[in-house]
Amino acid sequence: MKIDLQVDYHPSGNRTLKQRNEGQTMWVDLQEPKGLLANPDMGVFYRQVAKHLGDLVAMGHEVSYADTSAD
């Protein structure tokens, strides 16, 4: 299954990872694993993102990734 991941950055300094599965039109804020929702700690956040992305790929998903905080 194709899965889109996107990092959203809030001016408060928090980052949230959002996911949209193939066939869905709406993004979903990820509550799990811990550390992906409204996280102010950039290091912890990106380590969790990398782990989640790796887990999805290991399960055989095709994953695309975008980071709006880099804009």
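We did not get these values from a lab; they are worked out from the coordinates using the rules stated. Just so it is clear, the model here is predicted, and its values are computed rather than measured. Ideal geometry is used to build each Cβ from the backbone, glycine not excepted, and the neighbour counts take in all protein chains shown.
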Potential extension, GLN6-ALA58 segment - 0.36 nm per residue separation minus Cα distance: 16.8 nm
Fraction of antiparallel bridges per DSSP, the chain only, in percent to nearest 5: 60 percent
Neighbour-limited loop hits for trypsin sites (Lys or Arg not before Pro), the chain (at most 15 other Cβ within 10 Å; DSSP other than H, G, I, E, B): LYS34
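Do the sum for the chain: with -39,500 (n - 2.57) for every DSSP H run of n ≥ 4, divided by all residues, what is the mean residue ellipticity at 222 nm, to the nearest 500 deg cm²/dmol? Please report the intermediate quantities before stating the final value.
Details: 1 runs with 17 residues, N = 71.
Computed ellipticity for the chain at 222 nm equals -8000 deg cm²/dmol.
Can you sort THR68, THR16 by how many other beta carbons sit within 10 Å, fewest first? Please report the intermediate quantities before stating the final value.
On the way: THR68 11, THR16 18.
Fewest-to-most Cβ neighbours within 10 Å comes out as THR68, THR16.
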Alpha carbon convex hull of the chain, volume per residue in cubic angstrom: 82 Å³
Degrees between helix 42-58 axis and first principal axis of the chain (Cα, 0 to 90, nearest 10): 0 degrees
